[in-house]
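Below: one structure, written as structure tokens.
The values are calculated or read from the model by the stated rules, or taken from the named source; none is laboratory data. Predicted model only: the values in this text are computed from it and were never measured. Note that each Cβ is placed from the backbone with ideal geometry, even for glycine, and that neighbours are counted across all protein chains shown.
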Amino acid sequence: MKTENDTPSSALPSASPRAADAIVRSVELQIVSGDLADGATLPAERDLMQQFNASRTVVREAITVLTGRGLIENRPRYRPIVRKPGYNTLLDVMADVTRLLLEEQSGLKNLYESRVFVERILVREAATNARKNDIANLTAAPSLNKQSLDDSAAFYRTDTDFHAVLYQIPGNPIFPALHEAYKVWLHPHWEKMPRSPERNYVNYCSHASIHAAIVDRDPDTAEKELVNHLNSAWEYVRATFDTPSTKITSR
């Protein structure tokens, strides 16, 4: 009895970037259109081989490419799972390279400066255009911050929640995805930072000052308080490398 492995190699296209790319393009279109739904299993390798008249090697090459693009989740001994792309997908694809860059202080500093730049714009947007529900969310975050001063793990969660609101206010889904990426990328350094109720209180006061400036519709003060807060935080992040200080400055 013949099996799929008995198929003569001459009957199937050889492994090549062009052959694999054709499968990748087709599967991408099916995912984007919804023909392959998010969370669905990818067709079996044998079915893909028949559908595209391709060898197993070509199919597996295409699956590797799709996995690298974050369009499928490939697990050993299981059929790949479809992941419909979103803004988080793009940032997830960057994650491994970003982690390597963060192994050096210069890479960490560049990433942190980008965060400062983005949040300076967002805090001005909040002070200018925040709606009532945005203000309510901003008010709730510092309140929870204050309640968790003695619990550094809880304080960290409420700290990131406060900054998350700034990313939500413009109503653009790219910004919350970017905040989540910053949180994931910087988390290993947050874990190394010294924590104490006293330090938590300083951060809480900074959040309260930023919140007050936003409520007062004062973008200049809001930006100034935010930059001071993030500059102070940078000194603790920088210390995880135990190297001379390099201040993040407002431009």
Open item on the list: Filter the range 28-39 down to the residues that are within 19 Å of residue 50 (Cα to Cα), in contact with a Pro (Cβ under 9 Å, 6 or more places away or on another chain) and of a type in the set (A, V, I, L, M) and list them by number.
Closed with: 36
- [ ] Can you confirm whether the range 7-22 contains a residue that is polar (S, T, N, Q), at pLDDT below 85 and crowded, with 16+ Cβ neighbours inside 10 Å?
- [x] no
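For the range 37-55: of the residues being among the polar types (S, T, N, Q) and in a loop (DSSP other than H, G, I, E, B), which is surrounded by the fewest Cβ atoms within 10 Å (Cβ to Cβ)?
If we take residues in the range 37-55 being among the polar types (S, T, N, Q) and in a loop (DSSP other than H, G, I, E, B), then 53 is surrounded by the fewest Cβ atoms within 10 Å (Cβ to Cβ).
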TODO: Could you check how many residues of the range 47-63 are within 15 Å of residue 25 (Cβ to Cβ) and out of contact with any Phe, Trp or Tyr (no Cβ under 8 Å at 6 or more places or on another chain)?
DONE: 7
Task: Search result, residues across the range 137-156 that are in a helix (DSSP H, G or I) and touching a residue at least 24 places away in the same chain (Cβ under 8 Å) - done: 137, 138, 139, 141, 142, 145, 146, 152, 155, 156
- [ ] Provide a single number: the residues in the range 179-207 that are part of a helix (DSSP H, G or I), farther than 22 Å from residue 104 by Cβ and either at pLDDT 90 or above or in contact with a helix residue (DSSP H, G or I) (Cβ under 6 Å, 6 or more places away or on another chain) (or both).
- [x] 12
- [ ] Output the number of the condition that residue 119 fails; it satisfies all remaining conditions of (1) without any contact (Cβ under 8 Å) to a residue 40 or more places away in the chain; (2) crowded, with 18+ Cβ neighbours inside 10 Å.
- [x] (1)
